[in-house]
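The values are calculated or read from the model by the stated rules, or taken from the named source; none is laboratory data. Note that the structure is a prediction, hence the values are computed from the model and not measured. Note that each Cβ is placed from the backbone with ideal geometry, even for glycine, and that neighbours are counted across all protein chains shown. What goes into the accessible areas is simple: the full protein's heavy atoms, side chains included, and nothing from ligands, DNA or RNA. Shrake-Rupley method; radii C 1.70, N 1.55, O 1.52, S 1.80 Å.
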Amino acid sequence: MGCVHGKCCTRYPSSSDGDSGRRREKRPYKCKHILTQRSLELVPVPSHNFTLQFSVLTQHGYYPDTVERENQDSFCIKTQLQGNPDIHFFGVFDGHGQYGAECSNFVKDRLVERLANDTTLLDDPLKAYNSAFLATNSELHDSEIDDTMSGTTAITVLVVGDTLYVANVGDSRAVIAVKDGDRILAEDLSEDQTPFRKDEYERVKLCGARVLSVDQVEGLKDPNIQNWGDEFSQGGDPPRLWVPDGMYPGTAFTRSVGDSTAEKIGVIAVPEISVVRLTRNHLFFVVASDGVFEFLSSRTVVNMAAEYADPRDACAAIAGESYKLWLDNENRTDDITIIIVQIKGLSNSGASATDNELDCGPMLMKSIKGSFDTSSVSEPEETYGSVRTDLYDTQQSCQHSVSMNRSAAIVVPSPMMHQRPSQLDV
């Protein structure tokens with residue numbers, strides 16, 4: 001969920017930097033073509049004697065009014081970062097605005113490059129992560145891409161030995177599957193940064209943002225009512241950020257990379273970072289754009305992924321279901337990108353937990369304007385306040401036995417009502 005009219009705010013004039021009434025003329029960032037589906041890959045983590053098995057799928061969204069619109073999602077998978085076999089990077093970047101594709105591709109290249117070249121990465125991963133995001137944001141501002149009304153969210157996971165560092169800017173999401181006896185639980189590794197969150201709402205208000213839904217901006221609802229419930233009840237008309245004297249930019253997130261206009265009202269590129277030490281109870285993690293989570297909860301995504309031995313099939317099933325639910329609920333779909341990383345062969349990894357004992361609660365490190373604040377997070381539960389919509393039975397936990405034989409992949413459905421062929425972009 002990004003700007004007005006899907007991911008971009010083109011309904012309102014994008015002017016400028018605010019100081020000059022002149023729009024910057026910039027050339028698009030040249031990027032490599034993104035494959036829709038990637039093969040199954042494995043990478044060892046020799047320091048703790050386990051393996052990561054992973055795959056990724058990105059599905060072009062369907063926009064009936066702009067059928068030629070390019071996929072604004074991008075992803076980056078970089079194994080053996082800095083030549084170290086114990087460091088691996090997984091990231092999904094969800095662009096928005098007129099130059100959203102250029103922004104997401106620029107950021108996915110520069111962010112990982114910054115991390116790869118940071119000699120302090122192993123000594124202080126939190127500081128390195130924070131610096132990489134802020135430096136990439138500055139580079140995007142100074143680049144040839146016009147990011148006045150465009151930008152990208154970023155959800156990234158850095159694996160360092162048996163520890164995950166999850167850095168999030170925006171409303172895409174990472175979630176991990178945790179074994180609890182004969183159940184599999186879903187635990188969010190990131191928290192969506194939107195005005196639904198009281199802390200984020202108060203922060204952007206202090207920066208001068210007006211926080212209103214589209215109906216409130218257009219005079220259909222009382223703008224003085226600053227209570228929107230939650231994403232489940234208000235997903236169709238969420239609170240958005242507007243400049244004090246204009247009807248733009250209309251972002252439904254409170255953090256992003258780029259968006260120089262929105263930056264003036266509190267939309268920042270400072271990541272929130274969570275740190276999780278892996279144990280034998282952690283089965284796999286999912287990194288995905290909000291196109292996946294608009295109509296699927298974190299738990300449903302984990303339950304579906306747990307049904308497949310092969311992450312390629314899991315990616316296809318989840319992307320297909322997300323695509324279908326978009327068309328069931330709207331006349332378009334968002335771009336959909338998902339990475340699934342299975343954790344294979346991890347035994348004790350420094351923990352004393354048995355198979356039936358949970359040891360998985362992450363320590364959440366929140367960073368605002370460069371300062372870190374540590375707070376504890378409760379044990380994983382079976383429901384989460386940050387889910388958008390769960391169209392599955394929320395009372396059932398996953399107790400599927402996973403077949404070792406690969407099942408047939410589920411093909412992403414086409415919007416039959418529009419007579420468009422079902423195709424994967426290659």
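Miscellaneous remarks
- Residue among 138, 150 that alone is assigned by the TED database to the domain that holds residue 91, surrounded by fewer than 17 Cβ atoms within 10 Å (Cβ to Cβ) and under 17 Å from residue 262 (Cβ atoms): 138
- Residue 243 vs. criteria in contact with a helix residue (DSSP H, G or I) (Cβ under 8 Å, 6 or more places away or on another chain), of a type in the set (A, V, I, L, M), under 22 Å from residue 135 (Cα atoms) and surrounded by fewer than 24 Cβ atoms within 10 Å (Cβ to Cβ): no
- Test: residue in segment 100-107 that is in the same structural domain as residue 319 (by the TED database), crowded, with 17+ Cβ neighbours inside 10 Å and modelled with pLDDT under 95: no
- Filtered by the rule that a residue be within 29 Å of residue 195 (Cβ to Cβ) and either open to solvent by less than 10 Å² (accessible area, probe 1.4 Å) or assigned to a loop (DSSP other than H, G, I, E, B) (or both), segment 297-311 gives 297, 298, 300, 301, 302.
- When the strands (runs of 3 or more DSSP E) confined to segment 64-170 are screened for residues that are among the hydroxyl-bearing types (Ser, Thr, Tyr), those reaching at least 1 such residues are found at 73-78, 151-160, 163-169.
- If you go through segment 254-276 and pick out every residue that is of a type outside the set (Asp, Glu), over 22 Å from residue 77 (Cβ atoms), open to solvent by 10 Å² or more (accessible area, probe 1.4 Å) and not in a loop (DSSP other than H, G, I, E, B), you end up with 3.
- Residue 116 open to solvent by less than 20 Å² (accessible area, probe 1.4 Å), within 30 Å of residue 46 (Cβ to Cβ) and either touching a helix residue (DSSP H, G or I) at 6+ places or on another chain (Cβ under 7 Å) or acidic (Asp, Glu) (or both): no
- Complete set of residues in segment 277-296 that are assigned to a loop (DSSP other than H, G, I, E, B) and surrounded by fewer than 21 Cβ atoms within 10 Å (Cβ to Cβ): 280
- Qualifying positions in segment 73-97 - open to solvent by less than 10 Å² (accessible area, probe 1.4 Å) and under 21 Å from residue 152 (Cα atoms): 73, 74, 89, 90, 91, 92, 93, 94, 95, 96, 97
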